[in-house]
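Presented below is the structure to which this report refers.
The values are calculated or read from the model by the stated rules, or taken from the named source; none is laboratory data. Note that the structure is a prediction, hence the values are computed from the model and not measured. Here Cβ is always computed from backbone atoms with ideal geometry, including for glycine, and neighbour counts include all displayed protein chains.
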Amino acid sequence: MDLTGSTAFITGGAQGIGLGIARALAEEGAKLALVDLDAAALERAHAELSPRTTVRTHVLDVRDRTGYDRVADEVEAELGPVSLLFNNAGVAAGCHVSQMTYDHWDWMLGVNLGGVVNGVQTFVPRMIQRGAGGYVVNTSSGAGVVATDAGFLYSTSKFAVVGMSETLRLELAPFGIGVSVLCPGPVATDIVQNTWKWGPNGGDPELEAALEPAVAFLQTGTSPDVVGRQVIEGMRRGQVHIFTDDVLREPLRARAELLDSALPDIALASH
């Protein structure tokens, strides 16, 4: 997989895992289109990466379908056809189940699932029409393959991204378009702080204090730059799932055993 000269579109690309992916792609010689809500972070990313490759940045809320189409058209006019799509933008945290509201559901599903849908719907038909193949990487989470303490809202959105990605992989294979789903464990990013900043409870000091343990936990995780390189290697291997560590090994085994034990005994079921 030679990525030199290809055009990559990365949502949430100005920070965290998105920036790690952007750095890895810059080393591969890909041109970069970075979109993010944070204009200041986009400026910093552009200043860092533009000496190494061609970079364009756009402020975009991935829930905005009209804005997505507009940005996509501008990017392809400037950098050429997007053949590498990284639906990475996401939010974390949420609320206690006893305090859930439609606003919480709409925020979490709108960004974590709707943002991926919008990326796929915007760019995959263009890839199919061009007939030149491509690659899509959707960012889910370890909480998208096993139940964790990450919260029911977050897990709902991330399980959906895994199912979407696994199925898209099957249906896009005949078009030469690869699909992988990134399922990171703890990664040293500011996703929790950014969720607090941009989310429906943004600015609530009590919520900020409650999130401090999660913030500290993530800082012990994998470096975003390491994750970026893992993503490129996973693409080269054609992996369905790209994990960033092995913390889910035992939970995944337990889930597989639980599912297996729930299957009916065919011999008994036939009588």
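Counting the residues of region 127-154 that are in a helix (DSSP H, G or I), buried (at least 18 other Cβ atoms within 10 Å of the Cβ) and either touching a Lys or Arg at 6+ places or on another chain (Cβ under 9 Å) or modelled with pLDDT under 95 (or both) gives 5. Scanning region 84-126 for residues being within 19 Å of the chain's Cα centre (by Cα), part of a helix (DSSP H, G or I) and among the aliphatic types (A, V, I, L, M) gives a total of 7.
Consider region 105-119 and keep the residues that are buried (at least 20 other Cβ atoms within 10 Å of the Cβ) and touching a Leu at 6+ places or on another chain (Cβ under 7 Å). The one that is farthest from Ser165 (Cα to Cα) is Met108. Of all residues in region 223-261, those that are closer than 25 Å to Phe86 by Cα, acidic (Asp, Glu) and without any contact (Cβ under 8 Å) to a residue 12 or more places away in the chain total 2. Across region 64-106, the number of residues qualifying as touching a Pro at 6+ places or on another chain (Cβ under 6 Å) and either without any contact (Cβ under 8 Å) to a residue 12 or more places away in the chain or hydroxyl-bearing (Ser, Thr, Tyr) (or both) comes to 0. When we screen Arg65, Arg23, Arg44 for residues that are over 21 Å from Thr139 (Cα atoms) and surrounded by fewer than 21 Cβ atoms within 10 Å (Cβ to Cβ), the only hit is Arg44.
Kindly list, by first and then second residue, each pair from a residue in region 43-63 that is over 17 Å from Gly5 (Cα atoms) to a residue that is among the aromatic types (Phe, Trp, Tyr) and assigned to a helix (DSSP H, G or I), limited to pairs with Cβ atoms under 8 Å and residues at least 6 apart or on different chains. Matching pairs, first to second residue: Leu60/Tyr68; Val62/Tyr68.
Of all residues in region 242-251, exactly one satisfies the criterion of being exposed (fewer than 15 other Cβ atoms within 10 Å of the Cβ) and more than 11 Å from Gly185 (Cβ to Cβ), namely Glu250.
Can you find even one residue in region 133-141 that is hydrophobic (A, V, I, L, M, F, W, C) and within 23 Å of Ala22 (Cβ to Cβ)? Yes, there is a match, as at least one residue in region 133-141 is hydrophobic (A, V, I, L, M, F, W, C) and within 23 Å of Ala22 (Cβ to Cβ).
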